[in-house]
1. For region 282-348, state which chymotrypsin sites (Phe, Trp or Tyr not before Pro) are in a DSSP loop and have at most 14 other beta carbons lying within 10 Å of their beta carbon.
2. Taking 2.2 N^0.38 Å as the expected size of a compact globular protein, what ratio does the Cα radius of gyration of region 206-290 give against it, to two decimals?
3. Kindly list the residues of region 363-407 that lie in the label zone of D442, defined by a backbone N under 18 Å from the point 7 Å along the Cα-to-C-beta vector.
4. Relative contact order, percent, of region 299-353 when contacts are C-alpha pairs under 8 Å separated by at least 6 residues?
5. Would you please put 539-545, 606-612 in order of how densely packed they are, using the mean number of other Cβ atoms within 10 angstrom per residue and starting with the highest?
6. At what distance in nm do the modelled label points of I835 and S723 sit from each other, each positioned 7 Å from its Cα along Cα→Cβ?
7. Output ³J(HN,Hα) for region 63-76: one whole-Hz value per residue in order, computed from phi by the Karplus curve 6.51 cos²θ - 1.76 cosθ + 1.60 with θ = phi - 60°, and x for Gly and Pro.
8. Once label points are set 7 Å from the Cα along Cα→Cβ at both A51 and A792, what is their separation, rounded to one decimal in nm?
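Quick note: the coordinates plus some simple rules give every number you see, no bench work behind them. Since this is a predicted model, take the numbers as computed values, not measurements. Backbone-built Cβ (ideal geometry, glycine too); neighbour counts: all protein chains shown.
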Amino acid sequence: MKKVFLLIIAFFCVASLANAQLRGVGRSSLPIGASSGLDLNYADPKEYEIAEITTSGSKFYDGNSMITISGLRIGDKIKVPGDAITSALRKLMDQGILEEVEIVATKMEGTRIWLNIALKERPRLYKVQYSGIRKGEQETLNDKIKTYKGKIITETLKKNVELAIRKHFQEKGYLNIVIKTAQKTDSLRGNNATLSISVNKKSKVKINKIIITGLKETSERTIRRKLKDTKQMRFGRIFKPSKYVPKKFEEDKQKLIEYMNKSGYRDFQILSDSVYKFNENTVNVVLKLEEGRKYYYRNIYWEGNYIYPDSLLAEVLSIKKGDVYNTEELEKKMNGNPGEDLSSVYMDNGYLYYNAEPVETAIEGDSIDITIRINEGKQATINKVIVNGNTKTSDHVVMREIRTLPGQKFNKSAIIRTVRELSTIGYFNPEKISPNPIPRPDGTVDIEYNVEEKPSDQIELSGGWGGYIGFVGTLGVVFNNFSARNITNLSSWRPLPSGDGQKLAVRFQANGAAYQNYSLTFTEPWLGGKKPNSLSVSLSRNISYPLRLSNAYSGAYSSGYGYNNYGLYGGTGYYPSTSYGTDSASLAQQAINNNAHFNSTNLTISLGKRLKWPDDYFSLSNSVSFQLIDVKDLPYYGYPDGLSTLATFITNFSRNSIDNPTFPRMGSSFSLTASLTPPYSLFGGKNTNLIEYHKWMFDASWFTTMVGKLVLHTRAHLGFLGSYGGAITRFERFDVGGSGMVQGYSFNRDIIGLRGYKDRIIGPSGYGSPGGVAYNKFVMEVRYPVSLNPSATIFLLGFAEGGNNYASFQEYNPFKLYKSAGVGARIFMPAFGMIGIDYGFGFDKPQPGASDFGRQAFTFSIGQQIR
C-alpha cells in the first residue's frame with residue numbers, strides 16, 4: 001500500500017514540473033494540454049520542432065529582443081517538457097526586468113510546435129514618497145537614493161532603498177527604526193511606479209553603561225575618554241551625546257587600539273565586544289580587553305649605514321633607552337618631519353633611494369631592542385625640472401621660486417620649500433601643488449611640479465557705515481599677476497596683460513564731498529629678473545573735509561554741546577564757549593564756510609630683498625616717503641595750519657615661514673618696522689611745518705596645528721611713537737578700537753582694530769583727540785576650515801584679545817588691557833580677498849560716559865588685517 005501511495009505522489013510531481021516548464025512562473029492555471037485541447041503527454045516527453053515564436057504583454061521592450069534572450073530559435077528541436085524551456089525561462093527572468101514569464105504552446109501539428117512568450121514587465125522607479133519624517137529629512141534621503149531613480153523596481157532595489165534609509169537613521173542613533181514599503185503603479189506615466197515609504201524612527205537608542213573588563217594599569221576613565229563618539233549616559237552631558245551608533249563604535253575601537261599601542265601596550269587587544277538591550281531605548285556595551293605589558297625601548301642598533309655614524313643617526317632619531325615603545329612616533333621620526341627626520345639626513349644629501357626599516361630583534365620582559373636596517377643607495381643628481389599646469393603664469397615666474405635646480409643633488413627639504421614658495425606667491429591652489437620625483441635609469445632624477453592656476457586678481461566694491469563718519473564707498477582693483485612688458489601687446493589684454501608676477505593696484509574711496517582718496521601702486525618683485533629684489537612705487541591723494549561728515553555736521557545743530565561727544569571740540573576745546581550749543585554750531589558753520597580741510601599727497605618708493613642670514617625666510621626692505629599735508633582751520637586736532645612737509649625713511653626687517661597665506665596651519669611671521677624723519681629740532685630747526693618723529697612697530701604671529709584641522713593662531717602687536725626733542729607730533733599717532741577699517745579718515749594715524757568695541761574708542765583715540773603714542777595688543781584665535789576650495793576658502797574662528805592705547809609713555813602698562821572675546825568667520829574669494837565678520841563682547845568700559853560702554857558686537861573687515 002505504501003509503495004502505491006509513493007508512486008501516486010511521484011506522478012503528480014512529474015506532472016507539476018512539466019506544467020511549470022511551459023507556464024513559466026507566477027501564474028496558476030491548468031496544464032496547457034487540458035486547457036487548450038492540445039495533445040501533450042507530460043509523462044512522455046516528445047521532441048518538437050519550433051515553427052514560430054511570438055511574444056505578448058510587452059509594452060516597453062522589443063519582442064524580438066526577448067526572443068533572442070530566451071535562446072529559443074525557429075527550427076530548433078526541443079523536448080516538451082525539457083531543459084530548453086526551463087533554460088529559456090531562467091534566461092528571461094535573470095534579466096531582472098520582468099515580473100512574470102510564461103511560455104505557452106499555442107498550436108501543434110505533428111512534430112511542429114508554435115510557442116508564445118507571455119511577458120509581464122516590471123515598472124521603473126519614478127519617485128519616492130515618505131511619511132513619518134520631516135521635510136528636511138526627506139530631502140536628505142532623496143539625495144542618498146537618487147541613483148535608484150529611473151531603475152527597474154525589483155525586490156533587491158527595494159531592499160537597497162530600505163537599507164540606505166535605515167543606515168542613515170542608524171548613524172543618528174535610531175536603531176529601532178521600522179520601515180514599510182509599498183509600490184504604487186502610476187498609470188498616467190507609462191511603466192512607472194512610486195514607492196511609498198513609511199518611516200517610524202522611534203526614539204534614539206542611548207548607551208546606559210559601558211562595562212570594561214581586563215584592565216590592570218590603565219584606568220577605565222582613560223578608556224572611556226578615548227572612546228570619543230561612544231559615551232554612556234550621565235547628567236549634564238551636552239557636547240558629546242550618548243547615542244549608540246555602530247559605525248562610530250567600530251571607529252572608536254580602532255582608535256582605542258592605536259592609542260594603547262602608542263602608549264607602549266603593543267600587545268593590547270579587544271578580545272570581544274557585545275551590545276545588549278538594557279531597556280526599550282538603551283543598551284549596555286561590554287568591552288573585554290587584554291591590556292598586556294607596557295613596553296619600553298632598550299637598545300637601538302644600526303645596520304647598513306656607511307655615510308653617517310651611529311651617533312649622528314641616534315641624535316636625529318632622538319629616542320633614548322627607557323622611552324615608551326611607540327611605533328607611530330618611531331615612524332614619524334624616521335619619515336615624518338621634513339628637515340628633522342631620519343630620511344631628511346640622507347635625502348637632503350642626494351640619497352633619493354635611501355630606505356630604512358626598523359626590526360624588533362629582542363624582547364626581554366618589558367624591554368624591546370630594535371635594529372634599524374638602512375639601505376643608503378647612491379646619490380642622485382637632478383637632471384631637469386618640469387612644471388605642468390601654469391596656463392597663465394609665465395614659466396620664468398614659476399622657475400625663479402623653485403629651489404631644486406638641474407645639476408644639484410636631490411634634496412627633499414628643497415622640494416618641500418619649493419612647494420611652500422609656490423603656495424605663498426598666490427597664483428596657484430596650495431592644495432593642488434604636487435611634486436613628483438621621477439628616477440631615471442642613469443641614476444639622475446627629473447622633478448615634476450604639478451600646479452593648478454587659481455584666480456588672483458581682486459575687485460573691491462564695497463560700502464560701509466562708519467558710525468558718525470557716515471557712508472563710505474570703495475572701488476578698487478588689484479592685478480596680482482600683472483605684466484608690464486606686455487602693455488603694448490593688445491592681444492594679451494584679458495582684461496590687462498598678466499603672467500609676469502607684478503602687482504598693479506588702483507583704489508578709490510569716498511564719502512560724497514566730505515572725503516575722497518585715490519591711490520595707485522605698482523610692485524615688481526624681481527627687479528632685473530635675476531634676484532628677488534623688489535621695487536614698489538605708490539602714489540596717493542587724500543582730500544578730507546572733516547566738518548562736512550554727515551552725522552557730525554547734523555550733530556552740530558541738534559546736540560546741546562556740538563561735537564564734544566566725539567572729542568572734536570566743546571566748551572573747553574578749540575572754540576571756547578561758556579555754554580555749549582549756539583556758539584559751537586555757529587563756529588562750526590564758520591569753519592565749513594572757510595573750507596576747512598585736511599589734504600595730503602604722498603609718494604613712496606621701496607626697495608626690498610630676501611636675506612640668506614640668519615636664514616632665507618628673512619627679508620629687508622627700505623622705503624623713502626615724501627608727503628605734503630595741507631591743513632586749514634582744523635587746529636583743534638593739534639595740526640599746524642598751512643602746508644607741512646613729511647619726509648620719512650622706513651626700514652622693515654621681517655621673517656615669514658607660514659605654509660599657506662590663505663589658511664596657514666603652521667609657521668610664524670614677525671615684522672619690525674622703524675619710521676624715521678630727519679631730526680630737524682636737533683639742528684636748531686623750529687619750523688612747525690617740518691614734521692619730525694621716530695616710530696617703531698612690531699607684529700608677530702604664530703600658527704600651530706592642534707588636533708586634525710584645528711589651528712591655534714596667536715599674535716602680538718606693539719607700537720611706539722617718539723620725538724627727538726620736545727613734544728611728540730600729532731601726526732602718526734595710534735587710534736584703537738573696532739574693525740580697523742576706517743583708515744580713510746585716519747589723518748596720518750594708524751588705526752588698530754580691537755573687536756568687541758566701537759571704532760577708535762580705546763584710550764586717547766577718536767577725531768580731535770590727541771591719539772596714542774604707544775599701544776599694545778595681544779590676540780589668540782582658534783580656527784577651523786569649513787572649505788579649502790580656492791574659489792571660496794571659508795573658516796570659522798573663536799577669539800580672545802586685549803589691547804590698550806596710551807597718551808604718554810608714563811601711562812604705558814602692557815598688562816592693563818581692554819579685553820574682548822567672541823566668534824567670527826572668514827571667507828576668502830580670489831576676486832574680493834579676505835572678507836570677515838566677527839561678533840565680539842567687550843568686557844571693559846573704555847571711556848566714561850561712552851554709550852553702551854563703547855561696545856560694538858559686530859565688526860566687518862575686508863582684507864588681511866595684521867594689527
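1. Y306
2. In units of the 2.2 N^0.38 Å rule of thumb, it is 1.06.
3. Flagged as within label range: 378-386, 405-407.
4. With pairs under 8 Å counted, the relative contact order is 24 percent.
5. Ranked by mean Cβ neighbours within 10 Å, highest first: 539-545, 606-612.
6. 4.5
7. x, 4, 5, 5, 5, 4, 4, 5, x, 7, 9, 4, x, 5
8. Modelled inter-label distance: 7.2 nm.
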